[in-house]
1. Anything in region 182-205 that is in a loop (DSSP other than H, G, I, E, B) and either in contact with a Lys or Arg (Cβ under 9 Å, 6 or more places away or on another chain) or under 16 Å from R139 (Cβ atoms) (or both)? List them, or say none.
2. What do you reckon, is E175 in a loop (DSSP other than H, G, I, E, B), free of Cβ contacts under 8 Å to residues at least 24 places away in the same chain and among the acidic types (D, E)?
3. Have a look at V124, V99, V103 and point out the one that is touching a Lys or Arg at 6+ places or on another chain (Cβ under 8 Å), within 27 Å of W148 (Cβ to Cβ) and of a type in the set (A, V, I, L, M, F, W, C).
4. When the residues of region 130-148 are filtered to those that are of a type in the set (D, E, K, R) and closer than 23 Å to L6 by Cα, which remaining residue is farthest from the chain's Cα centre (by Cα)?
5. Within region 310-343, which residues are free of Cβ contacts under 8 Å to residues at least 60 places away in the same chain and either more than 19 Å from A247 (Cβ to Cβ) or of a type in the set (D, E, K, R) (or both)?
6. Go over the candidates K259, K251, K219, K206 one by one and state the one that is surrounded by fewer than 22 Cβ atoms within 10 Å (Cβ to Cβ), closer than 30 Å to L116 by Cβ and touching a residue at least 60 places away in the same chain (Cβ under 8 Å).
7. So which of K14, K7 ends up being surrounded by fewer than 19 Cβ atoms within 10 Å (Cβ to Cβ), in contact (Cβ under 8 Å) with a residue 60 or more places away in the chain and more than 16 Å from V340 (Cβ to Cβ)?
8. Looking only at region 320-344, which residues are farther than 28 Å from I310 by Cβ and either outside any loop (DSSP other than H, G, I, E, B) or not hydroxyl-bearing (S, T, Y) (or both)?
Amino acid sequence: MNIEGLKIGEKISKYPIIQGGMGVGVSGYRLAGNVAKEGGIGIISTADIGYRESDFETNPVEANLRAIDKEIDEARKISPDGILGINIMCALNNYAEMVREVVKKGIDLIISGAGLPKELPEFVKGTKTKIAPIISSARAAKLITKLWRTKHNYVPDMIVIEGPEAGGHLGFKLEELQEEKKPKLEDITKEVIEEMKKVEEETGKKIPVVVAGGIFDGKDIAKFLKLGASGVQMATRFVTTKECDAAEEFKKAYINSKKEDIEIVSSPVGMPGRAIRNTFIEKVKQERPKITKCLKCIQTCDVKTTPYCITRALINAVKGNMENALIFCGSNAYRLKEIVSVHELMQELVQETKQCMV
């Protein structure tokens, strides 16, 4: 059985698969460009994307803006006609500047989470850039949709549900992530789809619902498509690809991990996160690392009280310095066993999904 692409306004991908944004630098132009080339939607993470720029330490805002321009240009060279998107965390200090920059570059899609992107519609009015908030409940979907309609006369172009099995920052309270209290992604999906149907009836605009968090294979994709989702977002699965922009050591950390190595950690962003237990995580549990310089990346971070510098820890991760790295991952990272190409992975996911849709 054939599967339909993901339609976001006039933009239509070949396959209903979005590669999730992963920072710092894990999903850069190579990964995003190749996913878009293969018929999915490739997403570049803006989180401290300028870490390789020579002036990053002294002028991080300008370095990040310059780097995102380069990343988008390079991704476009790989996939001139594919759909490319950007993930921008609301918690970033230079959120507005980054949004303006990617819109100016003509990016196809902005996905925004780590908080509610209340002002995002203002930046894209009159452009072709589509926008999608990341939410974790029907209540949050209803809240941001109502706010955008009331304040900006704008209906979301897409909704991304991120469930409790996702990697990186999670939109749930710590107690909600305990196994006995953890909400089911299937239930959240049904509730959000019902909520969006009401908005569609009122506005006449189709709002695709995309599901993320723990989506691992074609069986998972088919399950959520059958529930009524328009597509899925997957991040962890794309880490162990040849084109992923992270160091080989980062990819091997996923492959070598065991289920019991994956845990919920605290983050300077103020949200729980999911990561692979390593020397760094054990060290920060015992003693707060000394922070000699603040790059002022996160609004919620206070250098006097933050448990560690998340920028340093994530830069160490993408560069392969695993001893001093925060290795964000989804709950299924331990299931990864080999490094494959984006082409191989996309074909595998598509074929599995088709088989499971019968």
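The values are calculated or read from the model by the stated rules, or taken from the named source; none is laboratory data. For clarity, every value in this text was computed on a predicted model and none was experimentally measured. Neighbour counts are summed over all protein chains in view; Cβ atoms, including those assigned to glycine, are modelled from backbone coordinates with ideal geometry. Protein only, heavy atoms only, side chains kept; ligands, DNA and RNA dropped before computing areas. Shrake-Rupley method; radii C 1.70, N 1.55, O 1.52, S 1.80 Å.
1. Here is the first cut: in region 182-205, the residues in a loop (DSSP other than H, G, I, E, B) are 182-184, 204-205.
Passing the criteria: P183, K184.
2. Numbers: in a loop (DSSP other than H, G, I, E, B): no; free of Cβ contacts under 8 Å to residues at least 24 places away in the same chain: yes; among the acidic types (D, E): yes.
No; evaluated as a whole, the condition is false for this residue.
3. Working: V99 fails: touching a Lys or Arg at 6+ places or on another chain (Cβ under 8 Å); V103 fails: touching a Lys or Arg at 6+ places or on another chain (Cβ under 8 Å).
Within the list V124, V99, V103, the selection yields V124.
4. Here is the first cut: in region 130-148, the ones of a type in the set (D, E, K, R) are 130, 139, 142, 146.
Restricting the remaining residues to those that are closer than 23 Å to L6 by Cα gives 130, 142.
Details: K130: 16, K142: 21 Å.
Here the residue is K142.
5. Across region 310-343, the qualifying residues are R312, E323.
6. Numbers: K259 fails: closer than 30 Å to L116 by Cβ; K251 fails: closer than 30 Å to L116 by Cβ; K219 fails: closer than 30 Å to L116 by Cβ.
Only one candidate passes the filter, namely K206.
7. Values: K14 fails: in contact (Cβ under 8 Å) with a residue 60 or more places away in the chain.
On inspection, the qualifying residue turns out to be K7.
8. Let us first name the residues in region 320-344 that are farther than 28 Å from I310 by Cβ, namely 337-338, 340-341, 343-344.
Of everything in region 320-344, those that are farther than 28 Å from I310 by Cβ and either outside any loop (DSSP other than H, G, I, E, B) or not hydroxyl-bearing (S, T, Y) (or both) turn out to be K337, E338, V340, H343, E344.
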